[in-house]
């Protein structure tokens, strides 16, 4: 029986790499994206391209209106996306986002009989979000084991965060080795209406620094 | 400053009681219901009635398509709702349901600056779902503390499950003392098209036994 994994795919660089890693590990991959009212909804189109290009068996977009709660510059058009790095958790933080995403993935994984959920959380070159840290992932795993029929039956749906301690440059190198086409991906928090990246947000700056460190140009900018 | 709580309100007896308990504890209550493709969608109307009757400051219904994943008789019309008790976790189990609900509640609670989330989970007179047990609630709490900016800042959004170890009869007695009008509530997994309860599902049978034990007739059946 083939191994199955639900892979959270945002359309960005990190999750594209993680999808390729899951496939490389022999998983049949079920790509899952969330339409949560993000201002960068273009990433949903990119997520579909990434899922197709990397051989996902299926790609689903689940709509959930957590963006309506407000409180984040990623979902509230009245809040500006910062163009400077911050020493605090920035206003682009979406409350409980990864928890909601992983919870939905957990439900789908259990229905599919999947052995793992892959998430592109990263705690090195990142925006400082609490739900990207290894201790958070471990706590989610412990909770998931108690939450599910699968867990009660003594099996584990593993939460895999394979790039959590990699630098952005190392993520890009790993993905390139696996054949990831980064031209499909978009990492910008605040893309322009024509789909071009802003070049100024945290995510754009971290991505640019990552490509600069690898010495390879970003194919999405060519 | 008044205390705030997000209260998960399903339209059923348990969560109506919990909403009254939260209000009695002095919280300004924000009622949250989920439209997840349940076959018993009439409960969303009842949830609104329950929220209004118990003085919630606001009632929100968040739509999330986890029902599309299938795998549960509560969301899949092709799976029959059992009319017999089971010693195993029944097919009415919706994978990761409480985890998804609590995650969405966590997001809203953080935006509101709420101190608590109330959930009507019960591990005594219940259907045996894993995500209704005290150890699950504790694990969710531990995860939530790591997931949020609130947690990083040293504060806790408490997950309150005040009826988790009460019998159904004791829940009804507590709610009645607080003035809960149970005629607004519906507990049936499989209501008929005219809104009448089936009287045969797990939830109907547990509710009937609870009212029988209190010696008070169920006002929803009068």
Show the residue pairs meeting these rules: Cβ distance below 6 Å; 6+ apart or different chains; first residue within the stretch B:150-168 and part of a helix (DSSP H, G or I); second residue surrounded by 15 or more Cβ atoms within 10 Å (Cβ to Cβ).
B:150/B:110; B:150/B:157; B:151/B:145; B:152/A:130; B:168/B:125; B:168/B:206; B:168/B:210
Quick check: anything in the stretch A:114-130 outside any loop (DSSP other than H, G, I, E, B) and within 12 Å of another protein chain (Cβ to nearest Cβ)?
yes
Residue check: is residue A:93 within 13 Å of chain B (Cβ to nearest Cβ) and assigned to a loop (DSSP other than H, G, I, E, B)?
yes
The stretch B:59-72 - residue that is outside any loop (DSSP other than H, G, I, E, B) and in contact with a helix residue (DSSP H, G or I) (Cβ under 7 Å, 6 or more places away or on another chain) and, of those, farthest from the other protein chains (Cβ to nearest Cβ)
B:59
Yes or no: the stretch B:149-157 includes at least one residue that is at the interface with another protein chain (Cβ under 9 Å from one of its Cβ atoms), touching a helix residue (DSSP H, G or I) at 6+ places or on another chain (Cβ under 8 Å), modelled with pLDDT of 95 or more and surrounded by fewer than 20 Cβ atoms within 10 Å (Cβ to Cβ).
no
Considering only the stretch A:137-148, state which residues are part of a helix (DSSP H, G or I) and either at the interface with chain B (Cβ under 7 Å from one of its Cβ atoms) or within 13 Å of residue B:142 (Cα to Cα) (or both).
A:137, A:138, A:139, A:140, A:141, A:142, A:143, A:144, A:146, A:147
Within the stretch B:158-173, work out how many residues are touching a strand residue (DSSP E or B) at 6+ places or on another chain (Cβ under 8 Å) and more than 12 Å from chain A (Cβ to nearest Cβ).
4
Checked against (1) in contact with a helix residue (DSSP H, G or I) (Cβ under 8 Å, 6 or more places away or on another chain); (2) in contact (Cβ under 8 Å) with a residue 24 or more places away in the chain; (3) farther than 21 Å from residue B:152 by Cα; (4) within 8 Å of chain B (Cβ to nearest Cβ), residue A:75 satisfies every condition except (4)
Within the bounds of the stretch A:51-58, is there any residue that is within 10 Å of chain B (Cβ to nearest Cβ), assigned to a helix (DSSP H, G or I), farther than 25 Å from residue A:165 by Cα and in contact with a helix residue (DSSP H, G or I) (Cβ under 8 Å, 6 or more places away or on another chain)?
no
Could you please find all residues in the stretch A:98-108 being under 17 Å from residue A:142 (Cα atoms) and in contact with a strand residue (DSSP E or B) (Cβ under 9 Å, 6 or more places away or on another chain)?
A:98, A:100, A:101, A:102, A:104, A:105, A:106
Filter the stretch A:176-192 for residues that are exposed (fewer than 14 other Cβ atoms within 10 Å of the Cβ), at pLDDT 90 or above and in a loop (DSSP other than H, G, I, E, B) and give the result.
A:179
Scan the stretch A:40-50 for residues that are crowded, with 20+ Cβ neighbours inside 10 Å, out of contact with any strand residue (DSSP E or B) (no Cβ under 7 Å at 6 or more places or on another chain) and either without any contact (Cβ under 8 Å) to a residue 60 or more places away in the chain or assigned to a loop (DSSP other than H, G, I, E, B) (or both) and report the count.
1
Considering residues that are at the interface with another protein chain (Cβ under 7 Å from one of its Cβ atoms) and buried (at least 22 other Cβ atoms within 10 Å of the Cβ), the number found within the stretch A:99-113 is 8
Complete set of residues in the stretch B:64-97 that are surrounded by 22 or more Cβ atoms within 10 Å (Cβ to Cβ) and touching a strand residue (DSSP E or B) at 6+ places or on another chain (Cβ under 9 Å):
B:64, B:66, B:69, B:97
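Any chance you could count how many residues in the stretch B:19-39 are more than 20 Å from residue B:175 (Cβ to Cβ) and not in a strand (DSSP E or B)?
4
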Residues to consider are A:195, A:199; find the one that is exposed (fewer than 15 other Cβ atoms within 10 Å of the Cβ), on the phi > 0 side of the Ramachandran plot, in a loop (DSSP other than H, G, I, E, B) and at pLDDT 90 or above.
A:199
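The values are calculated or read from the model by the stated rules, or taken from the named source; none is laboratory data. Here the structure is a predicted model, which means the values were calculated and not measured. Neighbour counts are summed over all protein chains in view; Cβ atoms, including those assigned to glycine, are modelled from backbone coordinates with ideal geometry.
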